[in-house]
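One structure is given here, and the rest of the page talks about it.
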Amino acid sequence: MTPARPPRALDGDGATIDRRTLLAGAGGLAAWAASLGPLWLTGCLRAGRLRPTDAAAGPVGGGRSLTATEWAAMAAVQETLWPAGDGVPGASAVNATGFLDAALVDPGVPPTDLGLVKDGLAQLEVHLRTAGGRPPAAKAFAALDPCGRALVLESFQATEAGSPWVRRVLRYTLESLLCDPVHGGNPDGVGWAWLDYEPGEPRPPGAPPLPGEEAGR
């Protein structure tokens, strides 16, 4: 069976970019995340690739670092930044929000990231209500339809506060796609399978077996 082609996005010059090629290329994750501009979202809109997501709501009482309301907003943001496509796991499929929620209170993560992420979520909601001088189509970002979310994010990314915030959230989203499942993202190695990536050995202590592997290997 021929593998499904991953969705393509537009770069700043209007050329198409293969997401799998970018992730696997010499520049890797950091270089690509640093190069992204707001036209990426416009490209997704033009190609009609943004779809509603049925991503599960977060824990009723919130997660480790995000409240339930923040979780819903972040899940909507991440699925907009990294939408699912034919054969491509979207943000919800790689547990991007759960990964970010846990990472923000990990001792190895800069403590400033927690404030940056949470403050950015609050500013995004303010931006939704004030940008453009028009009444918002919804009272919360998570309540917008997929194209509405993309337009608001594109507008927010163009602001001084929005640009670094979108890049940081995207970085965490891509880490959830690429990390070992033991860290809470990339369940069952779905991101690795899409990239045709074979993890090196040994994997981190406690890493769960991947589909087709024997437990305890």
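Quick note: the coordinates plus some simple rules give every number you see, no bench work behind them. Just so it is clear, the model here is predicted, and its values are computed rather than measured. Every residue, glycine among them, receives a Cβ derived from its backbone with ideal geometry; neighbour counts consider all protein chains shown.
Screening Asp113 with (1) of a type outside the set (Gly, Ala, Ser); (2) buried (at least 22 other Cβ atoms within 10 Å of the Cβ); (3) within 17 Å of Arg171 (Cα to Cα) gives one miss only, at (2). The condition of being buried (at least 20 other Cβ atoms within 10 Å of the Cβ), over 17 Å from Val166 (Cβ atoms), within 15 Å of the chain's Cα centre (by Cα) and not basic (Lys, Arg) does not hold for Val77. Of the helices (runs of 4 or more DSSP H) lying entirely inside segment 141-217, the ones with 3 or more residues being without any contact (Cβ under 8 Å) to a residue 40 or more places away in the chain and farther than 23 Å from Pro110 by Cα are found at 146-157. Being among the small types (Gly, Ala, Ser) and in a loop (DSSP other than H, G, I, E, B) holds for only one residue in Gly90, Gly120, Gly115, Gly98, and it is Gly90.
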